[in-house]
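Below you'll find the structure, written out as structure tokens, and then a few comments.
The values are calculated or read from the model by the stated rules, or taken from the named source; none is laboratory data. Remember, it's a predicted structure, so these values are computed and weren't measured experimentally. Positions of Cβ are generated from backbone atoms using ideal geometry, with glycine treated the same way; all protein chains shown enter the neighbour counts. Quick note on the areas: whole protein, heavy atoms, side chains included, nothing else; ligands and nucleic acids left out. Shrake-Rupley method; radii C 1.70, N 1.55, O 1.52, S 1.80 Å.
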Amino acid sequence: MTSQDPRAGSQPPRPATDAFLRGLARLVLSVFFREVVVIGADRFPADGPVIVVSNHLNSLIDGVALTAALPRMPRMLAASIIWDNAPLRPLLVAAGVIPVFRLQDVGAGNTRHRDTLEQTWELLAGGGVLSLFPEGASHNQPRLLPMKSGAARIALETEKQRGPLDIRIVPVGLFYEAKTVFRSRALVEIGDPLDIGPDLARYLDGDAAARQESVRQLTARIDAALASVTLNFDTWDDARLVGRAADLWVRQVSPPDEELHLGDSYEMRRAFARGYTWIKVHYPDKTAHLRKTIADYDSLLIATGIDDHHVTAPRNGAARPGQIARSLLVLLLASPLLILSIALNWLPVQISRVFARGKDPDKMATWAIFSSLILFPVAWLIEAGIAGVLCANACGAVGGWASFFAVLVAAPLAGRATLTFQDTRRRLFSQARAWWLLRTRSDLGRLLAATRRIALRDLREIFDIYDSEST
């Protein structure tokens, strides 16, 4: 990672600002998601100009994820209308975001569009990292949208105007287990850099038609590269069932009573997605039968609230009484901290939920997180001020200031610790519920186990067919 990542325009590097923003991005992700997995960080070029292309599923959170996960600080390319949001402007400026003045935006024109292009040329010529979303807009589809040609045009034209630069295009796939659910999981996969050389020669030496063909070919290669690091399905129902099938398959070699590692599950989901596309074309009847058996098992899990690893755990599911008792003891010992955290953080949590409520699914997390960046510090300052005034009246100025700073420090620390507490509580309740149901309703345990065996048997049959016949 370079210590001074360049910025667009005439701005000098601001390494301290970049370090702060990357730290803030990691903190934000660690609060909203209980786990963020990064795959392929070693593939990212250590120096030189890079264009990052990513799928766009979660509005501004995608930019936060890239800032936190990439080995070098990216400069985002974002629609100029984002600057209409006044509270975001300081962050946009600090991060060195480059505004895109699209022709359809009010007030945009060729001059400002040209200015955007020149900023990208200068950034890349200085060895910087430019990040953009070639789908063009954040969305809620289970697959990539058609690629815009902007990334290819910028790469080729920058080489023409300022080259040779050896620009590399790096595909980055973003995956959210449940993007609107607090304390869910996320994954960032960095793919292999794409060499633009095969298309650049034709672009530099050809006429207008040849240049257009170069852009088209490079855009198609970007599309394929991005597809290789993302999950793509026709429907969300396909996505859910393929995900369930992949988890069943991985759990054959994973500890039976633990949640699957997201990286293992993700890799198998993508492999199964490719196989599913082939199987449903060549064996539609078998595919329909497999869908039914997987769906039967999936429906049972959803209806009972039991997870797959509870079904495979020894001694009738999930945790044993001793494990539950130990977890309960930990929760009881930590309960004073939870009470303190609720007292200090309850109000901003509720207000942030109001901000997110009713928003489009790809913007809910953005509203919740970015409103929290303002709400929580303001609430902590007010609470610290109230505590300081009350203690100053009772104990004097020194006691007042001591109380002020004590609350100001305790509020975020208690809130952070409470996240771990809540994760433990949710896991404990899930384990205890599964243990109780499977212990007291032996028929339910037998039904789940039998349905699971049938689903896995049919899955193995399909896998063997695919393994022996596909290329």
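Full extension from residue 94 to residue 354: what is 0.36 nm times the residue separation minus their Cα-Cα distance, to one decimal in nm? Before the final figure, lay out each step's value.
Values: separation 260, 0.36 × 260 = 93.60 nm, distance 2.77 nm.
In short, 90.8 nm is gained.
Cα centroids of the range 283-298 and the range 261-277: 17 Å apart.
Full extension of the chain between residue 192 and residue 41 yields a length gain of 53.4 nm, computed as 0.36 nm times the residue separation minus the alpha carbon distance.
Heavy-atom accessible area per residue, the chain, 1.4 Å probe: how many Å²?
On the way: 23020 Å² over 471 residues.
Result: 49 Å² per residue.
Straight-distance candidates among the aspartates and glutamates for linking to residue 286, with alpha-carbon spacing under 19 Å and chain neighbours fewer than 8 residues away dropped: 234, 237, 238, 296, 298, 458, 461, 464, 467, 469.
Given a Förster distance of 41 angstrom, what is the FRET efficiency for residue 166 paired with residue 454, based on the Cβ-Cβ distance and rounded to 0.05? Before the final figure, lay out the partial values.
Numbers: r = 54 Å, r/R0 = 1.32.
Once the sixth-power term is evaluated, E becomes 0.15.
Counting only DSSP beta bridges whose two residues both lie in the chain, roughly 25 percent are antiparallel. Here r is the Cβ-Cβ distance between residue 402 and residue 224 and R0 is 56 Å; the resulting FRET efficiency, rounded to 0.05, is 0.35.
Note on residue 359: aspartates and glutamates with a C-alpha under 20 Å away, same-chain residues under 8 apart excluded, are 62, 84, 177.
I'm spelling it out carefully: the read-out is Cα Rg over 2.2 N^0.38 Å, the candidates are (1) 0.97; (2) 1.13; (3) 1.01, and one was derived from this structure. Which label? Read-out from the structure maps to (2). Counting only protein heavy atoms and using a 1.4 Å probe, the accessible area of residue 389 comes to about 90 Å². By the gyration tensor of its Cα atoms, with a ≥ b ≥ c the square roots of the eigenvalues, what is the shape of the range 390-471: rounded for a/c under 1.5, prolate for a/b over b/c, or oblate? In terms of gyration-tensor shape, oblate.
Each label point was placed 7 Å from the Cα along the Cα-to-Cβ direction; for residue 386 and residue 300 their separation is 5.1 nm.
Helical runs (DSSP H, four residues minimum) scored at -39500 (n - 2.57) apiece and divided by the length of the chain put the mean residue ellipticity at 222 nm at -21500 deg cm²/dmol. The modelled label-to-label distance for the pair residue 463/residue 86, using points 7 Å beyond Cα in the direction of Cβ, is 5.8 nm.
Peptides 235-246, 391-402, 140-151 ranked from most to least packed give 235-246, 140-151, 391-402, packing being the mean of other C-beta atoms within 10 angstrom over each peptide's residues.
Gap in Å between the Cα centre of the range 182-208 and the Cα centre of the range 393-412? Cα centres, the range 393-412 to the range 182-208: 53 Å.
Fully extended, how many nm does the chain gain between residue 212 and residue 113 (0.36 nm per residue separation, minus their Cα-Cα distance)? Walk me through the numbers before you get to the answer.
Values: separation 99, 0.36 × 99 = 35.64 nm, distance 1.91 nm.
So the chain would gain 33.7 nm between residue 212 and residue 113.
Here each label is just a point 7 Å from Cα along the line to Cβ, and for residue 333 and residue 30 those points are 2.2 nm apart.
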